[in-house]
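S.K.: Supplied in structure tokens, the structure appears directly below.
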Amino acid sequence: MNSSTIASPDENEYFETHSAPPNLPELSRIVQGFVLRHHAAGRHVVLVSSGGTTVPLENQTVRFIDNFSAGTRGATSAEYFLEAGYAVVFLHRQFSLLPYSRHYSHSTNCFLDYLSEWGRIGEDGNQAGGDVVVHSKYRAQMLDVLRKYRRAKEGRTLLLLPFTTVTSYLFLLREVAMQMQMIGNGALFYLAAAVSDFFVPPDRMAEHKIQSGDLSGAPETEGAKPATQAAATTKETGAGKKLVIDLDPVPKFLKRLVEGWAPEAMIISFKLETDPNILLYKCRQALERYRHHLVIGNLLSTRKFEVVFVDKEGEQWIRVPEAKDGEEQIEIESLIIPEVVKRHEIVMSAKKDGPMAG
Ligand SMILES: CC(C)(COP(=O)(O)O)[C@@H](O)C(=O)NCCC(=O)N[C@@H](CSSC[C@H](N)C(=O)O)C(=O)O
């Protein structure tokens with residue numbers, strides 16, 4: 001089934017008026033090989049999306065709108081899926097947190113603080129003596145992370161796919177979903193990425209950097225769209241120049257994923273809110289709108305300590321106890337992923353023992 005047979009006009013138009021990532025054909029071949037290999041080995045495959053997508057305001061992008069996400073949810077979840085025996089396609093915001101390196105790449109203290117002494121590097125670049133030594137207090141954790149990282153690398157069970165813009169995210173998500181169709185409900189989608197809801201349509205995209213200053217005396221710019229057409233323009237007001245932005249809604253890709261790109265897969269989306277009073281309502285609304293398996297709701301302020309699973313049966317809160325003094329804070333993903341895996345197994349066995357079975 002190709003994606004255009006089930007697409008809605010707004011989705012078709014979105015993909016027809018935007019350019020796919022230039023390396024999409026190559027990435028598609030890599031994903032196909034990854035999915036085939038792990039399916040043949042009897043391994044389930046999960047697509048974990050992670051990080052925020054951007055919406056450029058100019059073709060030659062200087063300014064863009066970003067969505068909040070450090071990538072902790074996605075990168076940490078990917079580690080626990082790997083430990084649960086899944087192969088992971090990690091569709092992530094470029095330069096956001098990655099599985100395993102997340103422990104050291106973005107932490108407040110510099111990675112070098114974990115090392116207690118440096119070997120003396122000789123003139124010719126050869127080690128002149130001495131060794132790089134990890135502080136004893138970090139050694140156990142670092143060895144544990146290193147071993148797990150190596151296992152994923154040697155088993156090639158982790159495939160990293162970077163995106164930046166919402167357009168590259170949507171093209172990649174659709175491509176991976178099409179390649180995962182071959183594994184039916186052995187495929188799991190865990191959509192933790194913070195996806196843009198609004199974008200600047202190409203025909204209203206300014207070509208050059210939006211000017212904040214006065215250009216009255218400047219030479220004409222070749223080929224630039226008249227500012228009036230652009231979706232993001234500056235407007236003279238009594239208080240000086242204002243930036244006025246007029247965006248269109250991004251097609252509801254989740255609906256396309258459920259109805260066409262991955263009709264047999266188990267699909268889980270995350271719902272991010274800041275107001276606790278509307279979280280459950282918004283989760284249920286998403287579930288009714290997209291008819292997928294599960295919505296995991298979380299509040300920006302407590303996302304590391306509690307989430308709520310909302311499905312057609314009801315809701316189930318998952319919370320981690322506050323860490324006692326001197327104790328490591330439990331990662332809530334260590335509780336989320338086993339519950340997701342349990343539900344995925346139920347979905348897979350239900351399909352196997354379906355109405356025709358027995
Ligand atoms: C982003 C966080 C909070 C993790 O944070 P980090 O650990 O710092 O990375 C994640 O848990 C989450 O809620 N992700 C989902 C956030 C999100 O934007 N969800 C969308 C639904 S997915 S985008 C769906 C699209 N708009 C459509 O309707 O088709 C929403 O809440 O509306």
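S.K.: Taking the stated definitions as given, is Ser69 polar (S, T, N, Q) and in a strand (DSSP E or B)? Steps first, answer last, please.
M.R.: Details: polar (S, T, N, Q): yes; in a strand (DSSP E or B): no.
The answer is no for Ser69.
S.K.: Kindly indicate which of Phe95, Phe90 is closer than 21 Å to Thr165 by Cα, modelled with pLDDT of 70 or more, within 14 Å of the ligand (Cβ to nearest atom) and open to solvent by 80 Å² or more (accessible area, probe 1.4 Å).
M.R.: Phe95
S.K.: Quick one: Gln60 ticks every box in (1) modelled with pLDDT under 95; (2) under 29 Å from Ser105 (Cβ atoms) bar one, so which box is it?
M.R.: Failed condition: (2).
S.K.: Take Ala230 and decide whether it is over 30 Å from Glu79 (Cα atoms) and in contact with a Ser or Thr (Cβ under 8 Å, 6 or more places away or on another chain).
M.R.: no
S.K.: Still on this structure, I have one more. Determine the pairs where a residue that is within 21 Å of Arg343 (Cα to Cα), located within segment 297-315, has a partner that is of a type in the set (Phe, Trp, Tyr) and within 8 Å of the ligand (Cβ to nearest atom) with Cβ atoms under 7 Å apart, the partner being 6 or more residues away or on another chain.
M.R.: From residues that are within 21 Å of Arg343 (Cα to Cα), the pairs are Asn298/Phe270.
S.K.: Here's another thing I want to ask about it. So the check is Cβ under 6 Å with 6+ separation or different chains; which pairs have a first residue in segment 127-146 that's at pLDDT 75 or above and a second one that's open to solvent by 50 Å² or more (accessible area, probe 1.4 Å)?
M.R.: These pairs meet every condition: His135/Ser116.
S.K.: Please note which strands (runs of 3 or more DSSP E) are completely contained in segment 25-66 and include at least 2 residues that are open to solvent by 10 Å² or more (accessible area, probe 1.4 Å).
M.R.: Because the criterion is at least 2 residues that are open to solvent by 10 Å² or more (accessible area, probe 1.4 Å), the strands (runs of 3 or more DSSP E) in segment 25-66 that meet it are 64-66.
S.K.: Right, here's the next one. Which residue pairs have Cβ atoms closer than 7 Å, lie 6 or more positions apart in sequence or on different chains, and pair a first residue in segment 66-81 that is basic (Lys, Arg) with a second residue that is near the ligand (Cβ under 8 Å from one of its atoms) and open to solvent by less than 10 Å² (accessible area, probe 1.4 Å)?
M.R.: These pairs meet every condition: Arg73/Ser50.
S.K.: List the strands (runs of 3 or more DSSP E) inside segment 223-305, counting only whole elements, that have at least 2 residues being within 13 Å of the ligand (Cβ to nearest atom).
M.R.: Qualifying strands (runs of 3 or more DSSP E): 266-273, 294-299.
S.K.: Continuing with this model, one more query. Given the criterion within 20 Å of Tyr14 (Cβ to Cβ) and either open to solvent by less than 30 Å² (accessible area, probe 1.4 Å) or in the same structural domain as Ile296 (by TED's automatic domain parsing) (or both), identify the matching residue among Ala193, Ala152. Explain how you work it out, then say what you get.
M.R.: On the way: Ala152 fails: within 20 Å of Tyr14 (Cβ to Cβ).
Unique residue meeting the criteria: Ala193.
Yes or no, residue by residue, for (1) within 16 Å of the ligand (Cβ to nearest atom); (2) modelled with pLDDT of 95 or more; (3) open to solvent by 20 Å² or more (accessible area, probe 1.4 Å):
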site: Pro321; (1), (2), (3): no, no, yes
site: Glu327; (1), (2), (3): no, no, yes
site: Glu331; (1), (2), (3): yes, yes, yes
site: Leu335; (1), (2), (3): yes, yes, yes
site: Lys342; (1), (2), (3): no, yes, yes
site: Glu345; (1), (2), (3): no, yes, yes
site: Lys351; (1), (2), (3): no, no, yes
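The values are calculated or read from the model by the stated rules, or taken from the named source; none is laboratory data. Keep in mind it's a predicted model, so treat the numbers as computed, not measured. For neighbour counting, all protein chains shown are included, and Cβ atoms are generated from backbone atoms with ideal geometry for every residue, glycine included. SASA here: full protein model, heavy atoms, side chains in, ligands and nucleic acids out. Shrake-Rupley method; radii C 1.70, N 1.55, O 1.52, S 1.80 Å.
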